[in-house]
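Novice: One structure follows; several queries about it will come next.
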Amino acid sequence: MARPKIALIGGGNIGGVLAEQIAYRELGDVVIFDVVEGLPQGKALDMAEGAPLVGSDAKLSGTNDYSGSADANLVIITAGLARKPGMSRDDLLDTNLKIMKSVAEGVREHAPDAYVIVISNPLDAMVYTFKKVSGFPKNRVVGMAGVLDSTRFRSFVAWELGVSVRDVSALVLGGHGDTMVPLVRYCTVAGVPVTQFLSQEKIDEIVARTKGAGGEVVALLKTGSAFVSPALAAIEMAESILLDKKRVLACACLCEGEYGVDGLYVGVPCVLGAGGVERIIEVELNADERALFDASLEHVRTLVKQIEV
Ligand code: TXD
């Protein structure tokens, strides 16, 4: 039985880690697409030559032509500019919107049955754009942000407590930006609420660091944004779809009634399996959490209003 075909639209920092991790874990055969001549081909060739050292037989190739993504089972999109210091994710809107429209047309033409994970920023607007332009059903178009934000939250809690990252569970909902909503009430350490281990002051510090974590890395790197953790977060989602794992993950999903949201992509818990976004899980939000979620939603709505697709 053939391995799934996974097309990576964008072979830059995140695309490179995606290609390496997906191929070396043999999750599928990988085609990297990029507009820069030679970049996808060179990266793919380098990784393919290293495959004997990890024992992977997955195929790796690079292309500058969308036809290379023909009949992909899964498409992961990182095409677009990344932030530089002093930029917000929203500052990328105009440029990345044009890119995402062209990407959606290319994927619609060559991989019309693919499941699609969008990563490009501003995430909530980009995944919405892909959905609208491609016309793909909502279960096959999902955005990666919540897994990354929840993972960062988990790391900060684990580091503070000196416990294994494996034992910290967390959910971050809402838009992928400063208004994201880390749900402290649902953060647990080995099933025990984190509020039993940390003061409110420390929790507030960790929530603030989670919201600013992307910018913290951008300020340090100066030349771009985080790329390993975002890639690994997308692989968590890809693996759940490819292996039908039914993981419950915070993803940017099209909500049509769920959480009282009608027609926007926003970060919510969902079940990811062979059917893509198989269902959205509505967790109970108290008044404070609902207010934060609504504020985040308003930011997403304002952003999406700026794009006519
Ligand atoms: O959690 C999240 N969703 C975010 C997403 C986490 C981190 C980074 N986030 C965003 O992902 C970031 O703000 C960017 O919008 C994307 C990709 O970030 P990356 O760090 O991979 O950017 P690079 O290294 O600049 O790679 C982008 C590649 C680059 O090689 C370009 O040549 C290519 O995109 N590109 C295109 N590929 C295909 N088609 C078109 N039109 C195109 N234009 C540029």
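The values are calculated or read from the model by the stated rules, or taken from the named source; none is laboratory data. As the structure is a prediction and not an experimental result, all values here were calculated from the model. A quick note on method: Cβ atoms are made from the backbone with ideal geometry, for glycine too, and the neighbour counts reach across all protein chains shown. Just so you know, the surface numbers come from the protein's heavy atoms only, side chains and all, with ligands and any DNA or RNA stripped out. Shrake-Rupley method; radii C 1.70, N 1.55, O 1.52, S 1.80 Å.
Novice: When residues of segment 90-106 are filtered for being open to solvent by less than 20 Å² (accessible area, probe 1.4 Å), of a type outside the set (S, T, N, Q) and within 10 Å of the ligand (Cβ to nearest atom), how many remain?
Specialist: 4
Novice: Assess whether Glu239 counts as being surrounded by fewer than 19 Cβ atoms within 10 Å (Cβ to Cβ), in contact (Cβ under 8 Å) with a residue 60 or more places away in the chain, of a type in the set (Asp, Glu) and assigned to a helix (DSSP H, G or I).
Specialist: yes
Novice: Which residue pairs have Cβ atoms closer than 8 Å, lie 6 or more positions apart in sequence or on different chains, and pair a first residue in segment 77-101 that is of a type in the set (Val, Ile, Thr) with a second residue that is in a helix (DSSP H, G or I) and more than 6 Å from the ligand (Cβ to nearest atom)?
Specialist: Listed pairs, sorted by first residue: Ile77/Met100; Ile77/Val107; Ile77/Met126; Ile77/Phe130; Thr78/Leu18.
Novice: Okay, next question. Would it be correct to say that Tyr259 is under 23 Å from Asp94 (Cα atoms) and among the aromatic types (Phe, Trp, Tyr)?
Specialist: No: the conditions fail for Tyr259.
Novice: Same structure, new question: For segment 133-146, enumerate the residues that are in a helix (DSSP H, G or I) and surrounded by fewer than 24 Cβ atoms within 10 Å (Cβ to Cβ).
Specialist: Val133, Lys138, Asn139, Arg140
Novice: Hey, another quick one. Is there any pair with a first residue in segment 37-57 that is under 19 Å from Gly12 (Cα atoms) and a second that is assigned to a helix (DSSP H, G or I) whose Cβ atoms are under 7 Å apart and which are 6 or more apart or on different chains, and what are they?
Specialist: Lys43/Gly16; Lys43/Ala19; Ala44/Ala19; Met47/Ala19; Met47/Glu20; Met47/Ala23
Novice: Another question, then. Within the set of pairs 6 or more residues apart or between chains, which connect a residue that is open to solvent by 40 Å² or more (accessible area, probe 1.4 Å) inside segment 1-19 to a residue that is near the ligand (Cβ under 9 Å from one of its atoms) and part of a loop (DSSP other than H, G, I, E, B) with Cβ atoms less than 9 Å apart?
Specialist: Asn13/Thr78; Asn13/Ala82; Asn13/Gly224; Asn13/Ser225; Asn13/Ala226; Asn13/Phe227
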